[in-house]
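Inspection log for the structure reproduced underneath, given as structure tokens.
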Amino acid sequence: MADIYIPTLHTFAMNNLFTGSWKELRFRIVPNVVMLDGKEVDFGQSSIHAVYWHGPFCYEKSTMEGERTFPMTEEGRMAMKSWLESNI
């Protein structure tokens, strides 16, 4: 089984996107951050959206093969990791 690296929730809470790969699998993760009061992230309303594709090319030059949105929780992060690993 692959061990794909997915950053911590803090990375996504700071509105950072992440791209990664494992062998021929490529993926891109984009957060949708909802703020409670302009200072704190509402993790219950926030989400992380992942897309994947296979091949040597970057996101902009590739056709996406799958996409899914997960809650911005540790459980959602681990479900996203398992989903990506199941598509290698």
Quiz item: Do any residues in segment 51-70 that are under 17 Å from residue 81 (Cβ atoms) have Cβ atoms under 8 Å from those of residues that are part of a helix (DSSP H, G or I) and of a type in the set (Lys, Arg), where the two are at least six apart or on different chains, and which pairs are they?
Solution: 70/77
Self-check item: Count of segment 61-88 residues which are open to solvent by less than 30 Å² (accessible area, probe 1.4 Å), in a strand (DSSP E or B) and under 25 Å from residue 44 (Cβ atoms)
Solution: 1
Exercise. Determine, yes or no, whether residue 84 is at pLDDT below 95 and of a type outside the set (Phe, Trp, Tyr).
Key: no
Quiz item: Does residue 57 satisfy the condition of being out of contact with any Leu (no Cβ under 7 Å at 6 or more places or on another chain), surrounded by fewer than 17 Cβ atoms within 10 Å (Cβ to Cβ) and among the hydrophobic types (A, V, I, L, M, F, W, C)?
Solution: yes
Quiz item: residue 18: on the phi < 0 side of the Ramachandran plot and open to solvent by less than 60 Å² (accessible area, probe 1.4 Å), yes or no?
Solution: yes
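Condition check: touching a residue at least 24 places away in the same chain (Cβ under 8 Å) and touching a strand residue (DSSP E or B) at 6+ places or on another chain (Cβ under 7 Å). Does residue 9 satisfy that?
So residue 9 fails the test.
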Quiz item: Within segment 21-39, which residues are touching a residue at least 24 places away in the same chain (Cβ under 8 Å) and surrounded by fewer than 12 Cβ atoms within 10 Å (Cβ to Cβ)?
Solution: 23, 24
Quiz item: Considering only segment 1-39, how many residues are aromatic (Phe, Trp, Tyr) and assigned to a loop (DSSP other than H, G, I, E, B)?
Solution: 1
Exercise. Look through 76, 66, 38 and report the one residue that is over 22 Å from residue 8 (Cβ atoms) and modelled with pLDDT of 95 or more.
Key: 66
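The values are calculated or read from the model by the stated rules, or taken from the named source; none is laboratory data. Here the structure is a predicted model, which is why all the values come from computation and not from measurement. All Cβ positions, even for glycine, are placed from backbone atoms using ideal geometry, and neighbour counts span all protein chains on display. Surface areas here come from the heavy atoms of the whole protein model, side chains and all, with no ligands, DNA or RNA. Shrake-Rupley method; radii C 1.70, N 1.55, O 1.52, S 1.80 Å.
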